[in-house]
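Taking it in order: structure first as structure tokens, then the write-up.
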Amino acid sequence: MTDAQELDELIKLWFAEDIGDGDHTSLSCIPASETGCSQLIIKDTGVLAGVEVAKKIFRAFDPELKVTVFINDGAEVKPGDIAFKVEGKVLSLLQTERLMLNIMQRMSGVATTTRKYVKIVEGLHTKILDTRKTTPGLRMLEKQAVKIGGGENHRFGLFDMILLKDNHVDFAGGIENAINSARKYCKDKGKDLKIEIEVRNFDELGRVLENGGVDRIMLDNFSVEDTKKAVEIIGGRYETESSGGITIDTLRQYAECGVDYISVGALTHSVKSLDMSFKAV
């Protein structure tokens, strides 16, 4: 299934969840022939995301709705800005309002948080990555919002990269077993997947370097000082990623250690939505 097909299916589910057998509030007091115009008003400072998704939501519900966009995805916005206006049947405007706002507020919150992190490491070669700590059913949109905010996507799911974490290593019987089994699996299954492994200390790092066979090494819960030392030991032989225990206050220090990536769960798992409203003109 393509991303476009997946989004189409999600939109159907969202409408089914919200409208059920009908928006009886609107149907009870608004004539079916009534037309009008509503506009999306920004009420907070941040990065706008979800405009393209909003257009698809409107189109899916009522192809006759006319959307005029004034501010596009990725733009920095402030209170009072008008992102777009929508003209058409009032019943359609009312029934799409909450779904569109829920998506746009969430995506804009993710993009705003991501932009904040990206700006902190500006000028360094370190890239900010998201994680799989996403809202079930919204991963595609939240990861899209990370990119709109200037970050990059880690693996999308369990299927597009091998990431050997501490539990995998422990259950597999050690680092060497985990790496070698993963490589054999890829060969046997004809899978061209990158292999990343998490290390918790310098002993595990040494064993990975001795064994080889990976593409990236994740330094999990290393201090800034130890991260710098680890990057020097790895010496560019493998991609490096820092993860765990990194706050917005220590982010720049970790990036200055020379790691290629820093993965941040907070981009998606604890984000404040960007405030906005959809009001009749």
Residues of the range 262-281 classified as among the polar types (S, T, N, Q), crowded, with 17+ Cβ neighbours inside 10 Å and part of a strand (DSSP E or B), total: 1
Residue in the range 104-112 that is open to solvent by 20 Å² or more (accessible area, probe 1.4 Å) and out of contact with any Leu (no Cβ under 8 Å at 6 or more places or on another chain) present: no
Yes/no for SER92 being at pLDDT 95 or above, over 18 Å from ASP275 (Cα atoms), polar (S, T, N, Q) and open to solvent by 30 Å² or more (accessible area, probe 1.4 Å): no
Of residues in the range 4-60 being β-branched (Val, Ile, Thr) and farther than 15 Å from SER92 by Cα, the one surrounded by the most Cβ atoms within 10 Å (Cβ to Cβ): VAL47
Residue within the range 252-261 that is in a helix (DSSP H, G or I), open to solvent by 50 Å² or more (accessible area, probe 1.4 Å), under 15 Å from HIS154 (Cβ atoms) and in contact (Cβ under 8 Å) with a residue 60 or more places away in the chain present: no
The range 130-141 residues that are among the basic types (Lys, Arg), paired with ones that are crowded, with 18+ Cβ neighbours inside 10 Å (beta carbon under 7 Å, 6 or more apart): LYS133/THR268
Conditions (1) farther than 30 Å from LEU124 by Cα; (2) of a type in the set (S, T, N, Q); (3) touching a residue at least 40 places away in the same chain (Cβ under 8 Å); number of the one not met by SER181: (3)
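The values are calculated or read from the model by the stated rules, or taken from the named source; none is laboratory data. Remember, predicted model here, so these are calculated numbers, not experimental data. Glycine also receives a Cβ, built like all others from the backbone with ideal geometry; neighbour counts cover every protein chain displayed. Accessible surface is based on the protein model in full, side chains and every heavy atom, while ligands, DNA and RNA are left aside. Shrake-Rupley method; radii C 1.70, N 1.55, O 1.52, S 1.80 Å.
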